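*Asks:* Take this structure first; my questions come after.
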Amino acid sequence: MNGPDLDEVLWQVWKTAELPEGYRAEIIEGALEVSPTGRRSHGLIANRVRRALDRFLDGGEYACHQDVNVIHKRKVWIPDAFVAPEDTEPFSDEEDMGVRADSVNLVVEVVSPGKRNQDRDRIRKRREYARAGIPVYVLIDDYDGQGAVTLFSGPRPDKADWEDIHRVPYGTDVTLPADGCE
């Protein structure tokens, strides 16, 4: 077949998409996924995480970011929060559409209600972040039992999986690996 490959077609569609306010689009595992922005409780959790990471990272070279595209090989994700250098300009993708995944040390996703949303964060984004080699993935999941935080570290890009997976129920302390917040 002649012509652009699927990743390039999805990239072009994503770049030119004009979504209604309150929606966002991501390219995840060879599909364009459109979803509404998070509910109020979702935003509260994401903002708490961002503020805690901001306090921890204050004065260093890294910062917590939100509402920025993370790009890896024509895939696009919008994590609820992520840690990358404070100055992201040197780490912009070639079209200045977002930040290159190789500059991201940690991503945080807050799971939304509904099976499709849960599968996106628990399965598809989990694999995509591993493929991109992002050192740490933190999944905050109100819908896992009474609530749980799962920490994924040691990405295995070739397997789209993680070396270490540590799940703890809400109320249990979680220590982030140093490479996630450098």
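The values are calculated or read from the model by the stated rules, or taken from the named source; none is laboratory data. Since we're looking at a predicted model, the values are computed, not measured. All Cβ positions, even for glycine, are placed from backbone atoms using ideal geometry, and neighbour counts span all protein chains on display.
*Asks:* List the strands (runs of 3 or more DSSP E) that sit entirely inside the range 122-182 and contain at least 1 residues that are among the small types (Gly, Ala, Ser).
*Replies:* Working: elements: 136-141, 148-156, 161-169.
Because the criterion is at least 1 residues that are among the small types (Gly, Ala, Ser), the strands (runs of 3 or more DSSP E) in the range 122-182 that meet it are 148-156.
*Asks:* Determine, yes or no, whether Pro20 is assigned to a loop (DSSP other than H, G, I, E, B) and surrounded by 11 or more Cβ atoms within 10 Å (Cβ to Cβ). Talk me through it step by step, then tell me what you get.
*Replies:* Details: assigned to a loop (DSSP other than H, G, I, E, B): yes; surrounded by 11 or more Cβ atoms within 10 Å (Cβ to Cβ): no.
No; evaluated as a whole, the condition is false for this residue.
*Asks:* Just a yes or no: is a residue in the range 51-71 assigned to a helix (DSSP H, G or I), at negative phi and basic (Lys, Arg)? Walk me through it before giving the result.
*Replies:* Of the range 51-71, the ones assigned to a helix (DSSP H, G or I) are 51-57.
From the residues that got through so far, the ones that are at negative phi too are 51-57.
Of the ones still in play, those that are also basic (Lys, Arg) are 51, 55.
Yes; the residues of the range 51-71 include at least one that is assigned to a helix (DSSP H, G or I), at negative phi and basic (Lys, Arg).
*Asks:* Take the residues of the range 140-182 that are modelled with pLDDT of 95 or more, surrounded by fewer than 17 Cβ atoms within 10 Å (Cβ to Cβ) and acidic (Asp, Glu): which is nearest to Ala130 (Cα to Cα)?
*Replies:* Checked the range 140-182; the qualifying residue nearest to Ala130 (Cα to Cα) is Asp161.
*Asks:* Hey, another quick one. Out of the residues in the range 71-98 that are crowded, with 21+ Cβ neighbours inside 10 Å and of a type in the set (Val, Ile, Thr), state the one that is nearest to Thr16 (Cα to Cα).
*Replies:* Val76
*Asks:* Restricting to the range 87-105, name every residue that is within 17 Å of the chain's Cα centre (by Cα) and either without any contact (Cβ under 8 Å) to a residue 40 or more places away in the chain or over 26 Å from Leu32 (Cα atoms) (or both). Working first, answer last.
*Replies:* So the first thing to find is which residues in the range 87-105 are within 17 Å of the chain's Cα centre (by Cα), and the list is 88, 91-93, 97-105.
Result: Thr88, Phe91, Ser92, Asp93, Gly98, Val99, Arg100, Ala101, Asp102, Ser103, Val104.
*Asks:* In this structure, does Arg55 turn out to be closer than 23 Å to Gly147 by Cα and of a type in the set (D, E, K, R)?
*Replies:* Values: closer than 23 Å to Gly147 by Cα: no; of a type in the set (D, E, K, R): yes.
Against the criterion (closer than 23 Å to Gly147 by Cα and of a type in the set (D, E, K, R)), Arg55 does not qualify.
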